[in-house]
Amino acid sequence: MEVLRILLGLVLLLPALGQDEEFKTRLSPSERMTRPHLEAAHRSASRFQRIRRPIPERSGFHDFRCILHAHAEDSTHTGGTRREMCGDAVRAGVHGILLTDHFRPPRDFMDSWRFRTNGVLFIPGSEVRGFLVHPPRSILGAMQLPTDRFVEAVTQDDGMVFLSHIEERPDHRLDGLTGLEIYNRHYDAKQDFRGMLTLGLRMTDPDQAAELAALLKEFPDELLASQVQYPTAYLEKWDEGTRTRRLTGVAANDCHHNQVLIVKMVDVDTVRVGTVVDKDESMQSISATLRPSIRRLTRGRNPGDILVRLDFDPYFRSFRNVSTHVVAPSLEEAALRRSLREGRAYVSHDWMCDPTGFQFETDGGWMGDEVAWHPGLELRTRLPVPAQIRILRHGEEIVSGHGTRFGAKAPGPGAYRVEAWLQIGGELRPWIYSNPIYLR
């Protein structure tokens with residue numbers, strides 16, 4: 001408790017929301033949460049959305065915005081429902097959701113939603129044993145098998161298995177997997193300890209809480225995206241793996257609609273800070289001895305009252321924060337499964353700008369393909385807005401440029417992928433991560 005008091009005391013010295021700051025090339029999450037930067041980020045994103053130019057779709061294929069690693073009605077720490085999820089998916093322009101229910105035997109996660117409704121296709125699956133699993137049928141009898149045999153059971157026919165939460169299992173083998181997460185929203189939140197403390201403390205001051213609520217209303221996408229960082233640990237694992245095998249990279253939306261932060265009154269001198277899915281005993285107690293402004297929050301209120309409530313991650317906003325675009329011939333389960341297994345997908349932070357139509361190709365192939373390398377073979381990419389473009393081989397940048405079109409000759413065999421970055425609020429921020437083209 002003494003360590004916590006020291007940390008909280010240090011956070012109290014941080015500047016209040018709305019204070020002017022000098023923008024840097026790379027800003028911390030806390031710096032991004034200030035009004036000047038949120039306003040600047042909003043202006044940048046709005047500009048990209050205005051100048052965006054559609055790209056013709058590849059013949060016979062469509063770009064479907066999909067969500068992987070999604071939770072609803074599947075655990076005590078999940079706050080959202082499937083109906084809520086579906087409504088927000090329609091609003092966000094999402095085409096497919098691959099559910100990953102927490103495994104709760106004897107319930108069979110394959111009995112979840114498996115149909116298309118209101119233009120949104122639902123595919124059942126589970127987050128279990130460190131994987132996102134999407135078998136074609138029930139595998140309840142295989143859940144306790146050794147890992148290798150479990151993976152084999154999942155991937156029979158057109159089943160898929162993706163390694164999840166790379167930070168928790170950096171040395172996990174990749175043999176037999178369909179792919180892995182190359183970005184995980186939850187990991188960014190876990191890394192931002194200082195930012196989370198800052199939010200909690202600001203919610204215990206009436207003036208700062210009111211300002212935070214105003215910012216959340218004016219700049220909801222920008223505020224949620226403040227924590228997004230370049231996923232180095234995830235990309236390094238992926239780049240090392242694709243040296244020797246094909247691995248599809250996907251985004252872990254990891255949405256629960258549970259980041260609804262609250263301040264709950266205990267007595268006139270004490271509050272608890274947590275989320276709507278936390279039990280009282282698991283919330284953090286803060287006293288007026290440490291934070292005198294608490295007395296202004298509790299004045300005229302009763303024990304048990306919710307004094308502050310801020311909803312940071314409704315499904316709609318979470319879906320806009322990051323998604324996996326799957327390029328497939330049709331919005332059908334078999335078609336999405338095949339395209340994901342073949343690596344015809346890319347990850348995007350869609351709140352900055354709609355990336356639909358993004359292309360990465362070479363003579364004789366495109367994302368996910370294996371193509372014979374020869375001297376002079378060119379890699380080409382196309383985007384709907386000008387961006388900073390990086391072409392990488394095994395994680396090492398071989399060339400970069402700026403524009404809506406960019407091409408470069410591949411210096412040799414290898415797994416090549418593209419990153420596109422946008423200038424948002426005075427700093428370059430990652431926008432798109434493509435799946436590789438494998439030159440053999």
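Kindly provide the set of residues from the stretch 154-178 that are under 21 Å from the mean Cα position of the chain (by Cα) and at positive phi, ordered by number. Scanning the stretch 154-178 gives a single hit, His165. Of all residues in the stretch 256-301, those satisfying the criterion of being part of a loop (DSSP other than H, G, I, E, B), in contact with a helix residue (DSSP H, G or I) (Cβ under 8 Å, 6 or more places away or on another chain) and on the phi < 0 side of the Ramachandran plot are Gln259, Val268, Asp269, Ala288, Leu290, Arg291, Ser293. With the requirement that a residue be of a type outside the set (Lys, Arg) and more than 22 Å from Val276 (Cβ to Cβ), what does the stretch 288-307 give you? Correct list: Ala288, Thr289, Leu290, Pro292, Ser293, Gly300.
Going through (1) within 30 Å of Arg344 (Cα to Cα); (2) surrounded by fewer than 19 Cβ atoms within 10 Å (Cβ to Cβ); (3) basic (Lys, Arg) one by one, Arg35 falls short only on (1). Restricting attention to the stretch 326-357 and to residues that are in contact with a Pro (Cβ under 6 Å, 6 or more places away or on another chain) and either of a type in the set (S, T, N, Q) or not in a loop (DSSP other than H, G, I, E, B) (or both), the residue that is nearest to Asp221 (Cα to Cα) turns out to be Ser348.
Do we have Ala89 as within 30 Å of Phe162 (Cα to Cα), of a type in the set (A, V, I, L, M), at pLDDT 90 or above and not in a helix (DSSP H, G or I) here? Spelling it out, it is not the case that Ala89 is within 30 Å of Phe162 (Cα to Cα), of a type in the set (A, V, I, L, M), at pLDDT 90 or above and not in a helix (DSSP H, G or I). Is there a residue being farther than 20 Å from Cys66 by Cα, surrounded by 13 or more Cβ atoms within 10 Å (Cβ to Cβ) and in contact with a strand residue (DSSP E or B) (Cβ under 7 Å, 6 or more places away or on another chain) anywhere in the stretch 106-122? No: zero hits. Scanning the stretch 122-154 for residues that are closer than 13 Å to Asp101 by Cβ and among the charged types (D, E, K, R) returns a single hit, Glu127. Contact annotation: residue pairs with Cβ atoms under 8 Å, 6 or more positions apart or on different chains, pairing a residue in the stretch 395-414 that is in contact (Cβ under 8 Å) with a residue 40 or more places away in the chain and over 26 Å from Cys353 (Cα atoms) with a partner that is among the aliphatic types (A, V, I, L, M) and in a loop (DSSP other than H, G, I, E, B), are Ala410/Leu377.
Matching residues to (1) more than 22 Å from Pro56 (Cβ to Cβ); (2) surrounded by fewer than 22 Cβ atoms within 10 Å (Cβ to Cβ); (3) not acidic (Asp, Glu):
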{"position": "Asp369", "(1), (2), (3)": "no, yes, no"}
{"position": "His374", "(1), (2), (3)": "yes, yes, yes"}
{"position": "Glu378", "(1), (2), (3)": "no, yes, no"}
{"position": "Ile389", "(1), (2), (3)": "no, no, yes"}
{"position": "Arg393", "(1), (2), (3)": "yes, no, yes"}
{"position": "Ile398", "(1), (2), (3)": "yes, yes, yes"}
{"position": "Ala408", "(1), (2), (3)": "yes, yes, yes"}
{"position": "Val418", "(1), (2), (3)": "no, no, yes"}
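If you go through the stretch 184-228 and keep only what is more than 22 Å from the chain's Cα centre (by Cα), buried (at least 20 other Cβ atoms within 10 Å of the Cβ) and either aromatic (Phe, Trp, Tyr) or within 22 Å of Gly425 (Cα to Cα) (or both), you end up with just Leu212.
Filtering the stretch 115-128 for residues that are without any contact (Cβ under 8 Å) to a residue 24 or more places away in the chain and under 20 Å from Thr81 (Cα atoms) leaves a non-empty set.
Taking the criterion of being modelled with pLDDT under 50 and not in a loop (DSSP other than H, G, I, E, B), the residues of the stretch 1-59 that qualify are Glu2, Val3, Leu4, Arg5, Ile6, Leu7, Leu8, Gly9, Leu10, Val11.
Among residues of the stretch 364-375 that are without any contact (Cβ under 8 Å) to a residue 60 or more places away in the chain, none has a Cβ under 6 angstrom from a residue that is acidic (Asp, Glu) and not in a strand (DSSP E or B) at a sequence gap of 6+ or on a separate chain. Checking each residue in the stretch 159-203 for being within 17 Å of Asn321 (Cβ to Cβ), among the hydroxyl-bearing types (Ser, Thr, Tyr) and either at pLDDT below 95 or touching a Ser or Thr at 6+ places or on another chain (Cβ under 8 Å) (or both) picks out only Tyr187.
The values are calculated or read from the model by the stated rules, or taken from the named source; none is laboratory data. Quantities reported herein were computed from a predicted structural model and do not represent experimental measurements. Every residue, glycine among them, receives a Cβ derived from its backbone with ideal geometry; neighbour counts consider all protein chains shown.
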